[in-house]
Structures are given as C-alpha cells and as structure tokens.
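The values are calculated or read from the model by the stated rules, or taken from the named source; none is laboratory data. Note that this is a predicted model, so its numbers are computed, not measured. Here the Cβ positions follow ideal geometry from the backbone for every residue, glycine too, while neighbour counts run over all protein chains shown.
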Amino acid sequence: MIPDGVTDLRINEKECLSLGERFSMYDISLFTPQDIAKCSLVLRQFGRNSASMEASSEKIVKYIYQHFCDSQTGENSCVLVRLFKTHPYGELEDSLQQSARRLMNGKSPAADMKCWTLLAAAGADPHWNSRHTAAENIAIPLVSTELVDKMPAISETIKQFGLDIPTVIGIEPERFRQLEPAVLNIFHVSEAKGSPFIPEQDSLIIPYGVKSVLAFGGLLESGSLFIVVIFIKVKIPASTAQLFKHLALSVKTALSLFDEKDIFTCSKTSENIVQSHNVYENQLLEHQVANLIQLLDFSEQEMLKQAARFQQIIDKLQREIADRKNKEQALPQSQEPSTGILNIPEDTIAHVEKNQGIHHFNQGEEQI
C-alpha cells in the first residue's frame, strides 16, 4: 500500500513498454545523453513483474536488440545481444551444470566455483533467441586465475572493468563486496574483426559484418559480475561507448531484485511468482530507493568528472589568450628601439635578411 499523500511513482511493465515505444528507436551511431536517459528509464523497470532474473534478462536483451536501429534504414544495428552473470556451479540448473562439466571433461567443479553463465540472448539468428541454443558453452567454469587468463574475451572484460581475475572468481569475496557500489564500467573493442579479444571471428564477426563489440555491466551485492554484450554492425568510437556506463546501473537495478534468489525461470508459473513478489512490496520499494540513490550518486560523480574536464579546457584557453595578449603587448616595445634607430637621417641603416634581400631601410639609405 502507498501511504496517503505519497504519489506512486512506479511504472508497471505495460506502461513501461508503452513508454519505451513512445521514445522509440535509438541510432547507436548518433547516441546522445538524452537517449541514455530514455533507455535507462525503460531498462530500470524490467525487474518489476518478472518471474526471475532470467526473465528480467530476457526483456533487457530483447529491448536493446529491437530498439537500437539505423535511423536511415530502420535496420537493426545489433547482430546479437547477450547477458552473462557469474554464478556458483552448485546453484546452476542441470542443463547449465552439464555445460560446465563438458568443459571439464566430465569432472564436477566445486559447488562454489564461479561459472560465466549465459542468462539471456537475442539476435538475428533464431537460435540466438534462447539461452539454451544461443551458444555452444552456456556455463563456463572459471577454474583458476591461470585458465581464465587464457580466455581472452573474459579476461580482457575483467581488466577493462578495472577488476582482477582472483577477485572475480571469488578468491577474495570481501574485497569484491567492498568494490560493488563503485564498479560500473564498459568493455569496448572498436575494431572487432581480427581482434584477439573476440574469438568468434568465423562464426559471428565476419559472416554477420560485426564492426564493434560493446559491453557494460557491474557488480551485484552477492559478489557476482553481470555484463551485457552487444555485437554491433557499425563502428563505435570510445566516446559513444563511455555513455553506456550509465545503462549499467539501470540493468543492475532490474537484476538486483533477484540477486541470490529466483535466478532461473522454474516450473512455477510466472503469475504465481509475481504474486509472491507482491507480498514483499515494502522490500521492493526499499530496494528501488537504494538503487535510485546509487543512480543519483553515480550521475553526480559523472557530472563532476565532466565539469572537471570542461574546466581544464577553459583554463587552457584562458592561458592561451593571456599568452597571446602578453606577446601582443611586448611586440610594440620590441619594435621601438629599431624604429628609433631607423629614424636617424644622417646614418645609413638597412635591415638585410639571411638571403641578402633588404627588408627595410631608413632615410639615409634612401638618399644614397
């Protein structure tokens, strides 16, 4: 129940999707801060009225895939969108555990071993629209620091997020939790073709004309890393990629409701699960408030960074203007001695350049 006098600012799924439709499509090659704000508003609501983190993830990847288009042709800019989460092996469902064991030659990993787990996917190939068929390996066991370091896509993502492999695979869980509020970042490969960090060259990058790969994500309170990976048909510069850092917190807000519970869609109907979530209405509101406060803090920090960069530009321009003024003021003073000398009529004075040409001369030289 909403207390009297308090406006209900929540948006249900139907209203949210309608809102997204009004905001319509985003041209990723012309992406603006206004687009970020519009997209964030929609993504942030996908945790509400979802059956699980998996269901929420499906809405997120589907929305991104469908709404990022070329403004001229209307064609999808994205080839494939995936959402991954690190998850303990012992808490995976059977099909995901089987995927992990295949990579370990049938051996069972430890129950607390983190696995790089695919939660949802959407893309141009029909097989990509289900996590069960979207990739050959949908749960990759992160066995050790040494083995993860040999997985270029995963290891480079971790590094670009400002993290280290031991922290991510759970060797240092306390440090992971200390970092959690601050880690929201991107992974960006401007030139996907031939990149050592994108192994799917022959099956994805080349045949589908992928130009850039962009990912954004962060840490959940449970100590898990989530990441949304987008394979794009247009080349994305670093300046555009940085804007997607703002979307990471909106996705985190949508996923956090299910952190440590209801990760995968089970046999219970979505309606029953949604009804059970409604029992914890106060908990949901508290969770949303906490995430909105974090969103505000993050936005303010980014604004301060932008202001600092603008101030640096202004200071540089002011120094250049002052330097130019000083030079202009010094020029007449440097010319006065030579002008005085040249104005002596009795003596013959001429200014000769290195190439022996006469630059200027006085009256005495003119008379001669």
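The figures follow:
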| read-out | value |
| --- | --- |
| Restricting the stretch 44-58 to residues that are in contact with a strand residue (DSSP E or B) (Cβ under 8 Å, 6 or more places away or on another chain) and of a type outside the set (Ser, Thr, Tyr), the residue that is nearest to residue 230 (Cα to Cα) | 58 |
| Matching residues, the stretch 90-134, being in contact (Cβ under 8 Å) with a residue 24 or more places away in the chain, basic (Lys, Arg) and farther than 17 Å from residue 224 by Cα | 102, 131 |
| Number of the exception - residue 210 against (1) under 21 Å from the mean Cα position of the chain (by Cα); (2) in contact (Cβ under 8 Å) with a residue 60 or more places away in the chain; (3) outside any loop (DSSP other than H, G, I, E, B) | (3) |
| Residues of the stretch 80-112 classified as farther than 16 Å from residue 54 by Cβ and either in contact with a Pro (Cβ under 6 Å, 6 or more places away or on another chain) or surrounded by fewer than 18 Cβ atoms within 10 Å (Cβ to Cβ) (or both), total | 16 |
| Test: residue in the stretch 178-189 that is surrounded by 14 or more Cβ atoms within 10 Å (Cβ to Cβ), modelled with pLDDT under 90 and part of a helix (DSSP H, G or I) | yes |
| Residue match in the stretch 190-207 (condition: among the small types (Gly, Ala, Ser) and touching a Ser or Thr at 6+ places or on another chain (Cβ under 8 Å)) | yes |
| Residues that are assigned to a helix (DSSP H, G or I) and without any contact (Cβ under 8 Å) to a residue 12 or more places away in the chain, drawn from the stretch 159-172 | 159 |
| Which listed residue, of 203, 155, 224, is buried (at least 20 other Cβ atoms within 10 Å of the Cβ) and either at pLDDT 90 or above or touching a His at 6+ places or on another chain (Cβ under 8 Å) (or both) | 224 |
| Qualifying positions in the stretch 103-137 - out of contact with any Leu (no Cβ under 6 Å at 6 or more places or on another chain) and charged (D, E, K, R) | 107, 112, 125, 136 |
| Subset of the stretch 89-99 (residues that are within 21 Å of residue 261 (Cα to Cα) and small (Gly, Ala, Ser)) | 90, 95 |
| Filter pass, residue 218 being closer than 24 Å to residue 49 by Cβ and surrounded by 22 or more Cβ atoms within 10 Å (Cβ to Cβ) | yes |
| Near pairs, Cβ below 7 angstrom, 6+ apart or cross-chain, from the stretch 230-248 (farther than 16 Å from residue 67 by Cβ) to any residue that is among the β-branched types (Val, Ile, Thr) and not in a helix (DSSP H, G or I) | 241/186; 242/186; 245/186 |
